[in-house]
């Protein structure tokens, strides 16, 4: 191999490394604030609305996914409105799919009927706006029969 070929290969390598570093930098700069917590999508708007209520949404969600009953209950009872409310409802549905109906119900055994109505509306909205296409076609009773009975 002659010097000219070696220089071209070296130049190609250096430019490739620079391109990769540039693309990584661009990805960091344009961070949207959206998060993925154990496979559950959490929008930036949801994070911001929760912060306004002094709640670290992603931390709370992590605890709920780990099975912490208080975290599950707190998350399920959060009152999130407007567009972020639909995102929150989808998170609740995804959480139920992860932890199961029995765990979700167990965490909410002490809530009153008013809170049950609130959670029921959240789950209904979450099924409609879920990121899981197979859930979008199901009714509440079909998707989560045990929770449906518990909340009614």
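The values are calculated or read from the model by the stated rules, or taken from the named source; none is laboratory data. Quick caveat, the model's predicted, so the values are computed rather than measured. A quick note on method: Cβ atoms are made from the backbone with ideal geometry, for glycine too, and the neighbour counts reach across all protein chains shown.
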Q: Kindly establish whether residue 138 is assigned to a helix (DSSP H, G or I), at pLDDT below 90 and at negative phi.
A: no
Q: Could you look through the stretch 56-81, keep only residues that are closer than 21 Å to residue 114 by Cβ and modelled with pLDDT under 90, and pick out the one that is surrounded by the most Cβ atoms within 10 Å (Cβ to Cβ)?
A: 80
Q: Using the structure shown, decide if residue 80 is free of Cβ contacts under 8 Å to residues at least 40 places away in the same chain and within 24 Å of residue 51 (Cα to Cα).
A: yes
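Okay, residues lined up against (1) surrounded by 10 or more Cβ atoms within 10 Å (Cβ to Cβ); (2) closer than 30 Å to residue 57 by Cβ; (3) at pLDDT below 65:
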site: 9; (1), (2), (3): yes, no, no
site: 16; (1), (2), (3): yes, no, no
site: 22; (1), (2), (3): yes, no, yes
site: 27; (1), (2), (3): no, yes, yes
site: 31; (1), (2), (3): no, yes, yes
site: 35; (1), (2), (3): yes, yes, no
site: 38; (1), (2), (3): yes, yes, no
